[in-house]
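The values are calculated or read from the model by the stated rules, or taken from the named source; none is laboratory data. Here the structure is a predicted model, which means the values were calculated and not measured. Cβ placement follows ideal geometry from the backbone for every residue including glycine, while neighbour counts extend to all protein chains displayed.
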Amino acid sequence: MATFDLGDAVRLQRTVGVATEEAYARGKELLAGYEQLGYRVRFTEEAPPARVVAEVSNRAGTKILASVDLSPSPRGSELELRLRGTVHVGGMKAMLASDGLVRSEATKKLTAFIDAKFPAHEVYTPPADPAPAERPAPPLPEASAPAAAARGGSAPAPTPGSLESKLALIKDLHDRGLISEADFTAKKAELLERL
């Protein structure tokens, strides 16, 4: 039996085409998948949707700390998967193995796991922004007091969009100094021509 240290060399980073919540769920499934290879998996840290860590071990003495770290990305999520710890190899494989070979094999298995859980064809579609609330149009100002008096005092207010309300609006803007005499005269003539 030979022991090999993975060091910090077994590390994969990828942009995956799913939101971080979905990537977290799949990352956890990915780590749990080591059980299908005969390993015992014990989750030691679960901080959805940013991080999940599991201790992966077997009877031969392999003990690996596997972590999945996630962060949002415009294209989905940034995923970083790391393996740290020691791997025990027995039999003929132990005689032919080296730290580099063990790291290479661990990286291959890890890549296959990621490819299965995060297919390359997935394209992230960000959630649609909620529709902005429609704001009602601001009410048109009523005719100024002098204009109301000229009409006979207590005439009903003009309906929004009517010629009378538009004339009252430009008169009010002129009276408050917001438009010039020339602009007032021109706009009034334009409105009256539409009759």
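If you check Glu142, Glu164, which single one turns out to be modelled with pLDDT under 85 and assigned to a helix (DSSP H, G or I)? Let's see the steps before the verdict.
Values: Glu142 fails: assigned to a helix (DSSP H, G or I).
Residue meeting the stated conditions: Glu164.
Going by the conditions given, is Ala32 among the small types (Gly, Ala, Ser) and either in contact with a Gly (Cβ under 8 Å, 6 or more places away or on another chain) or without any contact (Cβ under 8 Å) to a residue 12 or more places away in the chain (or both)?
Details: among the small types (Gly, Ala, Ser): yes; either in contact with a Gly (Cβ under 8 Å, 6 or more places away or on another chain) or without any contact (Cβ under 8 Å) to a residue 12 or more places away in the chain (or both): no.
When the stated conditions are applied, Ala32 does not pass them.
Could you list, in sequence order, the residues of segment 31-55 that are of a type in the set (A, V, I, L, M) and more than 22 Å from the chain's Cα centre (by Cα)? Break it down stepwise before answering.
The initial filter retains those residues of segment 31-55 that are of a type in the set (A, V, I, L, M), namely 31-32, 37, 41, 47, 50, 52-54.
The answer is Leu31, Ala32, Leu37, Val41, Val53, Ala54.
With respect to the numbered conditions (1) modelled with pLDDT under 90; (2) closer than 18 Å to Arg14 by Cα; (3) surrounded by 10 or more Cβ atoms within 10 Å (Cβ to Cβ), which one is the sole condition not fulfilled by His121?
(3)
Can you pull out every residue in segment 73-132 that is among the basic types (Lys, Arg), over 21 Å from Ala32 (Cβ atoms) and within 22 Å of the chain's Cα centre (by Cα)? Walk me through how you get there before you give the answer.
Of segment 73-132, the ones among the basic types (Lys, Arg) are 75, 82, 84, 93, 103, 108-109, 117.
Subset that is over 21 Å from Ala32 (Cβ atoms): 75, 93, 103.
Listed by number, the list holds a single entry, Arg75.
I'd like the residue in segment 172-183 that is assigned to a helix (DSSP H, G or I) and under 50 Å from the mean Cα position of the chain (by Cα) and, out of all such residues, is surrounded by the fewest Cβ atoms within 10 Å (Cβ to Cβ).
Looking only at segment 172-183, we keep the residues that are assigned to a helix (DSSP H, G or I), and these are 172-175, 181-183.
Subsequent filtering for residues that are under 50 Å from the mean Cα position of the chain (by Cα) retains 172-174, 183.
On the way: Asp172: 17, Leu173: 16, His174: 18, Asp183: 13.
Among those that are assigned to a helix (DSSP H, G or I) and under 50 Å from the mean Cα position of the chain (by Cα), it is Asp183.
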